Structure formats: structure tokens, C-alpha cells
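*Asks:* Have a look at the structure that comes next, please.
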Amino acid sequence: MLDINQMVIKLPKSEKFTLADQMIRASRGIPPKIAEGYAKRHYLAEFKKQLISALGESNELEVHLQTAEDLSLLPKDKCDNLLNRYQILGRKLNKLIQNWKKY
């Protein structure tokens, strides 16, 4: 989340209210959804709903990062690094959704 905040500062002003806001919103949405899901872990449907929502935010952020990279708005190496990290997060969330009883 902090890396995203630091990166969006480097976006052009024309993207301040579009791509930057979307990236910040998506990155900030992931931790609270996981926390809310954990708090409701005794209610399987609600727990999974929150984790799936967090996964959706993570996937959305991947799309925004790829867009920023494709438009050459942010450095390729930094976008690639963050894309990799969010892909790992997505795999972990998927695993948690599928095997939540083991955690």
C-alpha cells in the first residue's frame, strides 16, 4: 500500500483524479477486507465474501499497474515488481479462500 502511494505521486497531474485515485483506493481496500473477513470467520459465507472482495481489489490494482506501465506513466521495473507482489497476494488469497479451515 505504501509503495503504491509513493508511486502515484510520480504520475502526471492529468492522472491525479483518475488512475492515481483508483490505484490508491484499490490498494487501501485490501487490508480492511481481509480484517473484516477474519472478524467474521465463524460465518463461512461472509468470510469468503470479504476475501473474494479483497482478491478483486488486488486484481483491479494489477490492471491499473499494467495500464500505468503500458502508457509509460511509471517505470517498468517498479510496475513489474509490484505486479509480481500483487500476483503473489492473489495466489495467497485464493489459497486461503479454498483452504480456510487449515488456517
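*Asks:* Test of understanding: in a Gaussian network model of the chain with alpha carbons linked when under 10 Å, which of Lys48, Lys13, Lys40 would top the mean-square fluctuation ranking?
*Replies:* Taking springs between Cα atoms under 10 Å, the residue moving most is Lys13.
*Asks:* Now for a separate question. Let's see if you can work this out: charge +1 on each Lys and Arg Cβ, -1 on each Asp and Glu Cβ, no other charges. What is the dipole magnitude of the stretch 1-48 about its Cα centre, in debye to the nearest 20? Working shown, then result.
*Replies:* Values: 9 positive and 5 negative charges, 7 e Å.
Dipole of the stretch 1-48, to the nearest 20 debye: 40 debye.
*Asks:* With a 10 Å Cβ neighbour count serving as the proxy for reagent exposure, in which order, fewest first, do His64, His42 appear? List each step's numbers first, then the result.
*Replies:* Numbers: His64 23, His42 7.
Listing His64, His42 from fewest to most nearby Cβ atoms yields His42, His64.
*Asks:* In the chain, what is the count of Lys pairs whose alpha carbons are under 24 Å apart, counting only pairs at least 8 residues apart or on separate chains?
*Replies:* 29
*Asks:* Let me ask something else. What value in Å³ per residue do you get for the convex hull of the alpha-carbon atoms in the chain?
*Replies:* Values: hull volume 8.8 nm³, N = 103.
Convex hull volume per residue, Cα atoms: 86 Å³.
*Asks:* If each of Gln98 and Glu36 carries a label point 7 Å out from its Cα toward its Cβ, how far apart are those two points in nm?
*Replies:* Here the answer is 2.6 nm between the modelled labels.
*Asks:* Now for a different question. Would you kindly derive the ³J(HN,Hα) couplings of the stretch 82-90 from the backbone phi angles with the Karplus curve 6.51 cos²θ - 1.76 cosθ + 1.60 (θ = phi - 60°), listing them in order in whole Hz, with x for Gly and Pro?
*Replies:* 5, 4, 4, 5, 6, 5, 4, 4, x
*Asks:* Still on this structure, I have one more. Nearest 10 degrees is fine. How inclined is helix 21-39 to the longest principal axis of the chain, computing both from alpha carbons?
*Replies:* Between the helix axis and the principal axis of the chain, the angle is about 10 degrees.
*Asks:* Relative contact order for the chain using alpha-carbon pairs under 8 Å, separation at least 6, rounded to a whole percent? Mind showing how you got there, number by number?
*Replies:* Details: 91 pairs, mean separation 25.6, N = 103.
Once divided by the residue count of the chain, the mean separation gives 25 percent.
Coordinate-derived values only; no laboratory data. Since the model is a prediction, treat every value here as computed from it, not as a measurement. Heads up, the Cβs are rebuilt from the backbone with ideal geometry, glycines too, and the neighbour counts pull from every protein chain shown.
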